[in-house]
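What follows is one structure encoded as structure tokens, with my remarks underneath.
The values are calculated or read from the model by the stated rules, or taken from the named source; none is laboratory data. Please read all numbers here as calculations on a predicted model, not as lab measurements. Glycine gets a Cβ as well: all are built from the backbone with ideal geometry, and neighbour counts include every protein chain shown.
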């Protein structure tokens, strides 16, 4: 039973790490990244639809993202959806594709984005610690010897340290990316 609790905690911690890293991709850097559009939804024939289902993306150069709609009739809706997402980007379309030019970030804006990313990382660490706490409570409620509980809690702590380390590494990479001029 303890092994099942540890496996469950590992799965949930992995999901928390994955979610945190996905949140990082939504933070804009000075470089074009299709992950930035992952949260954009478009009013497509009266239904809010994720942009990924309506278009393909390409990055022809470092500061340019091309959005190519599958349905050319939806280009105005897609453009409006990108503007409503308030990403700090001005879409321009030529009737077939939408171009998104990524302006350079100011030093002040870079510092603000680093604070945002650090907060996202801390939220991820908190989620991992909450999972650890719930698993620890469940382990302690098991009817096994104190040695088994001690070993399980030790494994749980090692797992927690490993997952928080992954978040810390991802945070470090994102900070470097934000500071890159």
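Listed here are the residues, each with its yes/no results for (1) farther than 18 Å from residue 97 by Cβ; (2) in a helix (DSSP H, G or I); (3) in the same structural domain as residue 112 (by TED's automatic domain parsing).
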residue	(1), (2), (3)
8	yes, yes, yes
43	yes, no, no
59	no, no, no
74	no, yes, no
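Picking from residues in the stretch 55-76 that are under 23 Å from the mean Cα position of the chain (by Cα) and under 17 Å from residue 43 (Cβ atoms), the one that is surrounded by the most Cβ atoms within 10 Å (Cβ to Cβ) is 67. Per the conditions (1) under 20 Å from residue 38 (Cβ atoms); (2) more than 22 Å from the chain's Cα centre (by Cα); (3) in contact (Cβ under 8 Å) with a residue 40 or more places away in the chain, the sole criterion not satisfied by residue 148 is (1). Among the candidates 51, 87, the residue that is touching a residue at least 24 places away in the same chain (Cβ under 8 Å) and in contact with a strand residue (DSSP E or B) (Cβ under 7 Å, 6 or more places away or on another chain) is uniquely 51. Output the residue which, of all residues in the stretch 77-108 that are outside any loop (DSSP other than H, G, I, E, B) and exposed (fewer than 12 other Cβ atoms within 10 Å of the Cβ), is farthest from the chain's Cα centre (by Cα). The selected residue is 92. Here the condition is being under 30 Å from residue 43 (Cα atoms) and in the same structural domain as residue 12 (by TED's automatic domain parsing); of 89, 156, 113, it holds for 113 alone.
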